[in-house]
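The values are calculated or read from the model by the stated rules, or taken from the named source; none is laboratory data. Just so we're clear, the structure is a prediction, and the values are computed from it rather than from any experiment. We place every Cβ from the backbone using ideal geometry, glycine too, and count neighbours over all the protein chains shown.
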Amino acid sequence: MSISGTGSVDTAVFTVGGLGTRFLPATKALPKEMLPVVDKPLIQYAVEEAKEAGIEYFVFVTGRGKTAIEDHFDAHPYLETALTDRGKHDLAETINGDRPEPGHLVYVRQAEPLGLGHAVWCARKVVGNRPFALFLPDDLIRGNNGPCIGELIDVHAEHGGNVLSVMEVDREATSQYGIVDSEPGSKDVMRIRRVVEKPSPADAPSRYAIIGRYVLDPTVFDHLATATRGAGNEIQLTDAIESMIPTTPLHGVVLNGRRYDCGTKVGYIEANVALGLERSDLAQDVERVVRDALDRHTSLGRVR
Ligand code: UTP
């Protein structure tokens, strides 16, 4: 069973099966991907980015305790009627327009959160033998020139193979990311010759880190099928991508935009402030409360 479509990359996989331990206790009963940034859950930002780039089919790799994600993209007839009865037509239209077309949404269960590589592998029967986009929805990305995944799809159309979104990070931060080693001379689009999962700053081949957007060749599933557990005792996607380098071109696209790491508390707070400031209906008040909070913090002598 696999989805068939028309475009070169028309299917996106969203891995939402992780435990979200960095957000406990919030994530005891609430999926991390349902945490709201301003007034939309993280997962919806990712789905909107995918739609904007022309993606038509949406595959969610879920796990225990993630049913709120399915409910979110379901129809809500009572809510829509209640909103319409109250004259809130815009809001009724918004919640109606949030969901992909019926039949274009597939949920597969990961059963056990054995790592990102395992989560991606769980989507293999649905994706089939076609390139696909991969979203890690806790990375909220605002592209400067349209959707980040759209740039990756364009590079995939030119070069094929695997394409990753990368961004420069502080050297001290390399041990939190997959880090790429690219051929000299490459700038916005780099040919990658090696990827290293979570290297220490001393061992990192560069400061370019892989972030949560990919376009992957379906042969990645064969590599994941034989993968053994890597860093953190998890099946690592980076290891599978690395093992494909001899046979499959690998390119990195330097992020042209801003990425908020909503898998961390600070990144999540930053995203709420930044996206609040982007909103014309909220910007003034958000600026005021942030300034007030900072002034109060300073007056209490808490700034180091
Ligand atoms: P993370 O490592 O950031 O998410 O994985 P996590 O494991 O949920 O969070 P922490 O580290 O415990 O706080 C990145 C993405 O991969 C998914 C996560 O849901 C997240 O979207 N993931 C991770 C899976 O789907 N399955 C897994 O086994 C691991």
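Of note:
- Conditions (1) surrounded by fewer than 22 Cβ atoms within 10 Å (Cβ to Cβ); (2) in contact with a Pro (Cβ under 7 Å, 6 or more places away or on another chain); (3) under 23 Å from GLY263 (Cα atoms): number failed by GLN176: (2)
- Scanning the stretch 215-226 turns up at least one residue that is closer than 25 Å to LEU114 by Cα and touching a Ser or Thr at 6+ places or on another chain (Cβ under 6 Å).
- Restricting ALA293, ALA283 to those that are surrounded by fewer than 16 Cβ atoms within 10 Å (Cβ to Cβ), farther than 30 Å from MET190 by Cα and in contact with a Leu (Cβ under 6 Å, 6 or more places away or on another chain) reduces the list to ALA283.
- For GLU48: the one exception among (1) free of Cβ contacts under 8 Å to residues at least 60 places away in the same chain; (2) over 21 Å from VAL127 (Cα atoms); (3) within 16 Å of the chain's Cα centre (by Cα): (2)
- Looking across the stretch 136-149 at every residue that is surrounded by 20 or more Cβ atoms within 10 Å (Cβ to Cβ) and not in a loop (DSSP other than H, G, I, E, B), the one that is nearest to the ligand (Cβ to nearest atom) is identified as ASP139.
- Residue in the stretch 55-87 that is surrounded by the fewest Cβ atoms within 10 Å (Cβ to Cβ), counting only those that are among the hydrophobic types (A, V, I, L, M, F, W, C) and not in a helix (DSSP H, G or I): ALA75
Conditions tested, residue by residue: (1) surrounded by fewer than 20 Cβ atoms within 10 Å (Cβ to Cβ); (2) not in a loop (DSSP other than H, G, I, E, B).
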residue: LYS187; (1), (2): yes, no
residue: MET190; (1), (2): no, yes
residue: VAL195; (1), (2): no, yes
residue: SER200; (1), (2): yes, no
residue: ALA204; (1), (2): no, no
residue: ILE210; (1), (2): no, yes
residue: ASP222; (1), (2): yes, yes
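- ALA12 crowded, with 24+ Cβ neighbours inside 10 Å, part of a strand (DSSP E or B) and within 15 Å of the ligand (Cβ to nearest atom): yes
- Pair list, Cβ under 8 Å, 6 or more apart: the stretch 129-155 residue under 17 Å from ILE241 (Cβ atoms), other residue more than 16 Å from the ligand (Cβ to nearest atom) and among the charged types (D, E, K, R): PRO131/ASP217
- Scope the stretch 103-131; condition under 17 Å from the mean Cα position of the chain (by Cα) and on the phi > 0 side of the Ramachandran plot; matching residues: GLY115
- Within the stretch 88-113, considering residues that are among the acidic types (Asp, Glu) and either within 12 Å of the ligand (Cβ to nearest atom) or part of a loop (DSSP other than H, G, I, E, B) (or both), the one nearest to ILE235 (Cα to Cα): GLU112
- Of all residues in the stretch 16-26 being within 24 Å of ARG142 (Cβ to Cβ) and either part of a loop (DSSP other than H, G, I, E, B) or more than 9 Å from the ligand (Cβ to nearest atom) (or both), the one that is modelled with the highest pLDDT: VAL16
- Every residue from the stretch 228-255 that is out of contact with any Asp or Glu (no Cβ under 6 Å at 6 or more places or on another chain), in contact (Cβ under 8 Å) with a residue 24 or more places away in the chain, surrounded by 15 or more Cβ atoms within 10 Å (Cβ to Cβ) and outside any strand (DSSP E or B): GLU234, ILE235, LEU237, ASP239, ALA240, ILE241, GLU242, MET244, ILE245, PRO249, LEU255
- Figure legend. Inter-residue proximity from the stretch 19-31: first residues within 16 Å of VAL266 (Cα to Cα) and in contact (Cβ under 8 Å) with a residue 24 or more places away in the chain, second residues near the ligand (Cβ under 6 Å from one of its atoms) and in a loop (DSSP other than H, G, I, E, B), beta-carbon distance below 9 Å, spacing 6+ or different chains. Indicated pairs: GLY20/ASP138; GLY20/GLY263; ARG22/GLY263; PHE23/GLY263.
- Residues (closer than 14 Å to TYR57 by Cα and of a type in the set (Phe, Trp, Tyr)) located in the stretch 109-146: PHE132, PHE135
- When the residues of the stretch 30-45 are filtered to those that are outside any loop (DSSP other than H, G, I, E, B) and within 15 Å of LEU282 (Cα to Cα), the one that is modelled with the highest pLDDT is VAL37.
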